[in-house]
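Visitor: Okay, here's the structure, questions in a sec.
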Amino acid sequence: MDRDAEHAAMSSSDALHALRRLLARTPVRTFVIYPIAVIALELAMRRGQLVIAPWGAPLLAWGYLQYRLAGSYREQHGGGGPGITVPPAHLVVDGLNAYTRNPMYLGHLIFMLGLAVTFWSWPALILLAVNAAWFDRRVRDDEARLRAQFGAEYADYQMRVKRWLPGLL
């Protein structure tokens, strides 16, 4: 293989790896891939007719804004990275975290509920249910890590603030 062919092969391999990393990111899936997939499925299932219920749009906006604002607040007040790979240096117990221990994940789920309502979509509702179970498992893993990292401070926080919905779950 000549040098140009080797470079092209490495470049396409690097590009494919970068694409896989991008698609593996939860926000990319929730806020980009899932809406495209739901719209495509709905168009295919309804033979080109898309049902749009405008009362779902506030849920889309709420979910996305909650995800963005809670993430920004966490980075500013707790440190760490935007995802779970770089944990916070400080436990964040105020802001939206005073009402739910997982405001960013809840933002994802609210957005997905908005997809189901906006497009009156059974596939989006199934996607919401599958992702709710996936996020719940992920949260339980996060909680174990946070208990190990913050000890009694996190245990106290768990006693005061519900995992998902204020006052309920």
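The values are calculated or read from the model by the stated rules, or taken from the named source; none is laboratory data. Keep in mind it's a predicted model, so treat the numbers as computed, not measured. Heads up, the Cβs are rebuilt from the backbone with ideal geometry, glycines too, and the neighbour counts pull from every protein chain shown. Each accessible area value is taken on the protein alone, full model and side chains, heavy atoms only, with ligands, DNA and RNA left out. Shrake-Rupley method; radii C 1.70, N 1.55, O 1.52, S 1.80 Å.
Visitor: Which one, Gly79, Pro103, Ala44, projects farthest toward the positive side of the charge dipole computed for segment 41-110 from Cβ point charges (K/R +1, D/E -1)?
Guide: Ala44
Visitor: On the full set of protein chains, 1.4 Å probe, figure out the accessible area of His17 and give it in Å² to the nearest 10.
Guide: Estimated to the nearest 10 Å², His17 gives 100 Å².
Visitor: Under Stokes-Einstein, with the Kirkwood radius over Cα pairs standing in for Rh, what whole-number D in µm²/s applies to the chain at 4 °C and 1.567 mPa s?
Guide: 72 µm²/s
Visitor: Return, for the Cα atoms of segment 48-125, the radius of gyration and Dmax in Å, separated by a comma.
Guide: Using the Cα atoms of segment 48-125, the pair Rg, Dmax is 15.0, 50 Å.
Visitor: To one decimal place, what Kirkwood hydrodynamic radius in Å is obtained for segment 83-169 from all pairs of distinct Cα atoms?
Guide: With all distinct Cα pairs of segment 83-169 included, I get 14.0 Å.
Visitor: Further, regarding this structure: Towards the positive end of the charge dipole of the chain, with charges on Cβ (+1 Lys, Arg; -1 Asp, Glu), say which of Leu60, Leu23, Ser13 has the farthest Cα.
Guide: Value: Leu60.
Visitor: Now for a different question. Treating only the Cβ atoms of Lys and Arg (+1) and Asp and Glu (-1) as charged, compute the dipole magnitude of segment 116-169 about its Cα centre; round to the nearest 20 debye.
Guide: 60 debye
Visitor: Now a separate question. Whenever you get a sec, line up Asp14, Asp94, Asp136 from highest to lowest accessible area (probe 1.4 Å, protein heavy atoms).
Guide: Correct descending sequence by accessible area is Asp14, Asp94, Asp136.
Visitor: For a quick protection proxy, order the peptides 48-56, 78-86 by their average other-Cβ count within 10 Å, most packed first.
Guide: 78-86, 48-56
Visitor: Please get the size of the charge dipole for the chain, origin at its Cα centre, with Cβ charges of +1 on Lys and Arg and -1 on Asp and Glu, quoted in debye to the nearest 20.
Guide: 460 debye
Visitor: Per the helix-only calculation at 222 nm, which mean residue ellipticity applies to the chain, given -39500 (n - 2.57) for every DSSP H run of n ≥ 4 and division by its residues, nearest 500 deg cm²/dmol?
Guide: -22000 deg cm²/dmol
Visitor: Also, quick follow-up: Once whole DSSP H runs in the chain are found, which of them have Cα atoms spread over 15 Å or more along the helix axis and a mean Kyte-Doolittle score of at least -0.5?
Guide: Span-like helices in the chain: 3-24, 34-45, 57-78, 103-118, 122-150.
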